Amino acid sequence: MGEGQLNPWEALVARLAPPRQMSGGKVDAQFIIDGLIRRGLPAHVAEGFALNAGEESGFDPGINEITPLVEGSRGGFGLFQWTGPRRRALEAFAAQRGVSPADPELQLDMIAQELRTTERRAASSIFATETPAQAAAAIVTDFLRPAPENRDRRVAKFLGGNAQPASQPAAFNFTDLFRQFSGTSQPAAQPASQPASQPASQPASQPAAFNFTDLFKNAANLTPQGKAI
């Protein structure tokens with residue numbers, strides 16, 4: 001694959017979410033929600049990201065942190081204030097695409113990219129949520145990870161005064177999880193009198209189709225052995 005050439009996933013994103021002409025300056029919450037839904041995120045998670053963008057940047061994709069917490073650093077940048085190695089990764093991603101790091105569509109692509117690669121652990125807790133408020137709290141706790149005092153203040157705001165951070169999901173095994181979704185796993189000790197789930201004459205079922213939203217939701221409720229808790 002040549003330098004600067006999009007891989008198949010990036011090409012799909014570009015096709016489903018074509019660049020939107022911007023007048024410059026800020027975007028709005030609906031821009032983020034619509035853009036992340038086009039990239040495959042559930043609506044409540046997209047809304048959770050929009051809630052955090054308002055807190056992080058005031059919906060300004062070109063904003064730079066005015067007073068960096070880390071002395072001598074360039075600070076956070078963009079809608080979600082990418083900092084340090086994550087900021088450098090955003091800038092490299094922009095250079096590969098030949099666009100500005102301040103491009104809001106690029107930044108939404110970066111969110112989707114991180115969730116499926118470097119931030120998969122955070123994704124497991126985010127996709128286990130059920131409401132925008134829960135998603136917003138998981139995003140700030142596990143994905144954005146600001147200073148503790150800022151995190152706790154924002155979690156309390158999102159959850160209506162409950163400052164207790166969302167619990168971390170248990171460790172899980174994707175192999176066992178796939179087996180569960182494909183219908184190939186069986187309970188460890190099924191009573192002999194319990195009828196089989198399928199008639200003996202019925203052919204083995206094909207692996208069930210699944211999506212990553214369901215995958216992460218179930219992962220949050222599994223032990224390392226893949227058994228429900």
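The values are calculated or read from the model by the stated rules, or taken from the named source; none is laboratory data. Predicted model, so just to flag it, every value in this text is computed and none were measured. Quick reminder, even Gly has a Cβ in these numbers, built from the backbone with ideal geometry, and neighbours come from all protein chains shown.
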Among (1) out of contact with any helix residue (DSSP H, G or I) (no Cβ under 8 Å at 6 or more places or on another chain); (2) modelled with pLDDT of 95 or more - the single one Asn52 does not satisfy: (1)
Candidate set: the range 46-74, residues that are free of Cβ contacts under 8 Å to residues at least 40 places away in the same chain and surrounded by 17 or more Cβ atoms within 10 Å (Cβ to Cβ); chosen: the one nearest to the chain's Cα centre (by Cα): Ala46
Some residue of the range 16-35 being in a helix (DSSP H, G or I) and at pLDDT below 95: yes
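Is it the case that Arg86 is more than 18 Å from Ile126 (Cα to Cα) and not small (Gly, Ala, Ser)? Talk me through it step by step, then tell me what you get.
Numbers: more than 18 Å from Ile126 (Cα to Cα): yes; not small (Gly, Ala, Ser): yes.
Against the criterion (more than 18 Å from Ile126 (Cα to Cα) and not small (Gly, Ala, Ser)), Arg86 qualifies.
I'm trying to understand the selection: among the residues of the range 112-154, which are in a helix (DSSP H, G or I) and either outside the structural domain of Leu69 (by TED's automatic domain parsing) or closer than 15 Å to Gly54 by Cβ (or both)? Steps first, answer last, please.
To start, the set of residues in the range 112-154 that are in a helix (DSSP H, G or I) comprises 112-116, 120-126, 132-144, 148-154.
Pro132, Ala133, Ala135, Ala136, Ala137, Ile139, Val140, Leu144, Asn150, Arg153, Arg154, listed by residue number.
From Ala123, Ala112, Ala94, grab the single residue that is within 13 Å of Val45 (Cα to Cα), out of contact with any Gly (no Cβ under 8 Å at 6 or more places or on another chain), touching a residue at least 12 places away in the same chain (Cβ under 8 Å) and of a type outside the set (Phe, Trp, Tyr).
Details: Ala112 fails: out of contact with any Gly (no Cβ under 8 Å at 6 or more places or on another chain); Ala94 fails: within 13 Å of Val45 (Cα to Cα).
When all the criteria are applied, what remains is Ala123.
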Candidates Gln113, Gln107, Gln96, Gln164, filtered to the one that is crowded, with 22+ Cβ neighbours inside 10 Å and either at pLDDT 95 or above or out of contact with any Cys (no Cβ under 7 Å at 6 or more places or on another chain) (or both): Gln107
Residue check, Val13 of a type outside the set (Asp, Glu), assigned to a loop (DSSP other than H, G, I, E, B) and either modelled with pLDDT of 90 or more or not assigned by TED's automatic domain parsing to the domain that holds Met110 (or both): no
